[in-house]
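Q: Sharing a structure below in structure tokens format, with a few things to ask.
The values are calculated or read from the model by the stated rules, or taken from the named source; none is laboratory data. In this text the structure is predicted, and so the values were computed from the model without any measurement. Virtual Cβ from ideal backbone geometry, glycine too; neighbours counted across all protein chains shown. Protein only, heavy atoms only, side chains kept; ligands, DNA and RNA dropped before computing areas. Shrake-Rupley method; radii C 1.70, N 1.55, O 1.52, S 1.80 Å.
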Amino acid sequence: MFINPVNSLKGIITVPGDKSISHRAVMFGSIAEGVTEVTNFLRGADCLSTIDCFRKLGIYIEEKDSIIRIHGKGLHGLSMPHSILDTGNSGTTTRLITGILSAQDFDVHLTGDESIQKRPMGRIIDPLSQMGADIVSEQNNQCAPLHIHGRPLHGIHYTSPVASAQVKSSILLAGLYADSETSVTEPYLSRNHTEIMLNYFGAQVTSHNTTASVLPGNLLFGQKVDVPGDISSAAYFLAAGLITPNSEILVKNVGINPTRDGIIEVIQKMGGKLKLENVRTENGELVSDLLVSTSELHGIEIGGSLIPRLIDEIPMIAIMAAFAKGKTTIKDAQELKVKESNRIDVCVKNLSSMGAKIEGTDDGMIIEGGYPLHGSRIESHLDHRIAMSFAIAGLNTQTRLEIIGADCVSISYPGYYRDLESLIQ
Ligand code: S3P
């Protein structure tokens with residue numbers, strides 16, 4: 001796909017539903033009693049993989065556009081699938097479902113696409129095994145395909161070496177089935193949608209600093225879930241409005257949960273003009289409309305507890321930094337190496353080919369901003385966040401940019417290019 005430079009972006013965008021919340025609504029609805037109705041569900045390929053897996057586990061799920069109805073069968077209502085579960089490209093599906101399946105009274109064979117088969121699963125196999133789970137990595141490499149032999153589990157206290165909501169959630173979900181309390185302490189607080197939504201469904205989850213605990217024994221009950229817009233999808237339009245000349249973009253209905261709002265903090269620290277309007281709470285999640293306009297950005301330092309709050313936005317931030325004056329340092333972000341692609345390597349390679357001054361480090365990147373970028377031919381590496389971030393860069397290069405593998409945006413945002421086009425003046 002070719003992206004041509006533009007003069008101005010203006011308009012109003014409503015981004016699709018939050019990916020993390022959409023996945024969880026399907027999973028928790030499936031193991032709850034009764035019907036869960038989800039509105040503004042994200043119909044991206046990742047969340048459709050979650051629906052597909054739970055259907056194979058015997059759950060009836062109705063779909064009508066972005067409304068889905070899950071006919072939950074309770075904590076012990078899943079049944080043994082007749083075929084292998086395919087989680088596609090979705091790390092969230094793979095890791096969270098493994099926590100649930102570890103405790104069932106049947107065995108499951110689970111795998112995903114090429115990228116999933118390279119992503120580390122040891123980070124969930126280790127703690128789940130400590131709980132009594134029997135999970136075998138088929139290639140003996142701590143990656144999918146996985147054979148999960150359901151077993152009775154016991155509660156543990158786990159200190160996680162990584163701040164990962166997927167790890168935390170996998171353990172908490174297994175903890176719903178354990179014989180005593182299960183808790184997870186992480187180095188920094190990761191997104192807490194699991195804690196919020198499990199409580200909303202009737203579980204007993206408590207949080208204290210960076211520790212989340214779940215008590216077994218409570219039934220879950222089907223609920224109505226209205227999914228807020230995904231701040232990770234909004235981030236592309238926020239960046240676009242800031243770095244493109246003569247621009248003003250209003251992104252409506254964006255979830256700004258404090259464990260996800262790092263991008264807002266970064267924009268404000270970089271000197272970006274951003275206004276939060278109409279802030280409200282829906283289903284326990286904070287929601288706002290976000291208004292941005294063209295700004296003179298400057299470089300900043302990003303690291304520590306801020307990283308999990310913006311982990312998926314770092315490719316976009318690296319590009320914003322290339323358009324900002326001065327140096328931006330991103331550190332403590334080694335997790336980027338094990339996302340859908342190695343996002344440190346890919347950002348460095350792609351931005352360098354466009355004329356940016358960027359250097360990869362072991363845990364992040366250093367970007368010397370303010371050098372004009374030119375178009376080139378870059379690869380998405382089939383990583384949706386890389387494709388979406390570089391499309392924004394391409395609107396602001398001197399010559400047109402070609403993105404190879406641009407269609408992978410359908411993982412989290414099927415209508416992305418259409419929405420982007422609607423803003424071009
Ligand atoms: C997610 C957690 C994050 C994030 C991913 C979605 C979730 O991954 O990068 O896109 O829904 O729990 P990690 O938990 O691996 O950091």
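Q: Give me the strands (runs of 3 or more DSSP E) completely within region 298-382, filtered to those with at least 1 residues that are outside the structural domain of Y188 (by TED's automatic domain parsing) and either at pLDDT below 95 or open to solvent by less than 10 Å² (accessible area, probe 1.4 Å) (or both), ordered by residue number.
A: 326-330, 364-369, 377-379
Q: Still on this model: Scan region 249-270 and tell me whether some residue there is on the phi > 0 side of the Ramachandran plot and surrounded by fewer than 21 Cβ atoms within 10 Å (Cβ to Cβ).
A: Taking every residue of region 249-270 in turn, none turns out to be on the phi > 0 side of the Ramachandran plot and surrounded by fewer than 21 Cβ atoms within 10 Å (Cβ to Cβ).
Q: Moving to a separate point now. Quick one: would you say L286 is assigned to a strand (DSSP E or B), surrounded by 23 or more Cβ atoms within 10 Å (Cβ to Cβ) and out of contact with any His (no Cβ under 7 Å at 6 or more places or on another chain)?
A: Here the answer is no, as L286 does not meet what is asked.
Q: Being in a helix (DSSP H, G or I) and out of contact with any helix residue (DSSP H, G or I) (no Cβ under 8 Å at 6 or more places or on another chain) is the filter; apply it to region 13-49 and report the residue that is farthest from I411 (Cα to Cα).
A: The selected residue is G29.
Residue-wise test of (1) within 23 Å of the chain's Cα centre (by Cα); (2) at positive phi.
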site	(1), (2)
G175	yes, no
N199	yes, no
Q204	no, no
S207	yes, no
G217	no, yes
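Q: While we're looking at this one, here's another question. Output the residues belonging to region 198-238 that are away from the ligand (no atom under 16 Å from the Cβ), open to solvent by less than 10 Å² (accessible area, probe 1.4 Å) and either farther than 17 Å from S169 by Cβ or part of a helix (DSSP H, G or I) (or both).
A: Passing the criteria: F237, L238.
Q: Test P315 against the stated conditions and say whether it is closer than 30 Å to N199 by Cα, within 16 Å of the ligand (Cβ to nearest atom) and of a type outside the set (G, A, S).
A: no
Q: Taking region 409-425 as the search range and keeping residues that are part of a loop (DSSP other than H, G, I, E, B) and farther than 22 Å from G91 by Cα, which one is most open to solvent (accessible area, probe 1.4 Å)?
A: Filtering first and then ranking leaves Q425.
Q: Looking only at region 372-425, which residues are within 24 Å of T294 (Cβ to Cβ) and among the β-branched types (V, I, T)?
A: I392, T397, T399, I403, I424
Q: Could you run through region 383-405 and say how many residues are in a loop (DSSP other than H, G, I, E, B) and within 19 Å of the chain's Cα centre (by Cα)?
A: 1
Q: Also, I was wondering about something else. Quick one: K64 ticks every box in (1) open to solvent by 10 Å² or more (accessible area, probe 1.4 Å); (2) touching a residue at least 24 places away in the same chain (Cβ under 8 Å); (3) closer than 30 Å to L238 by Cα except a single one, so which number is it?
A: (2)
Q: Would you check if there is a residue in region 92-104 being within 27 Å of S341 (Cβ to Cβ), in a loop (DSSP other than H, G, I, E, B) and within 16 Å of the ligand (Cβ to nearest atom)?
A: There is no residue in region 92-104 that is within 27 Å of S341 (Cβ to Cβ), in a loop (DSSP other than H, G, I, E, B) and within 16 Å of the ligand (Cβ to nearest atom).
Q: Those residues that are surrounded by 24 or more Cβ atoms within 10 Å (Cβ to Cβ) and either of a type in the set (A, V, I, L, M, F, W, C) or in a loop (DSSP other than H, G, I, E, B) (or both), I need them from region 178-194; list them, please.
A: Listed by number, the residues that qualify are V184, S190, R191.
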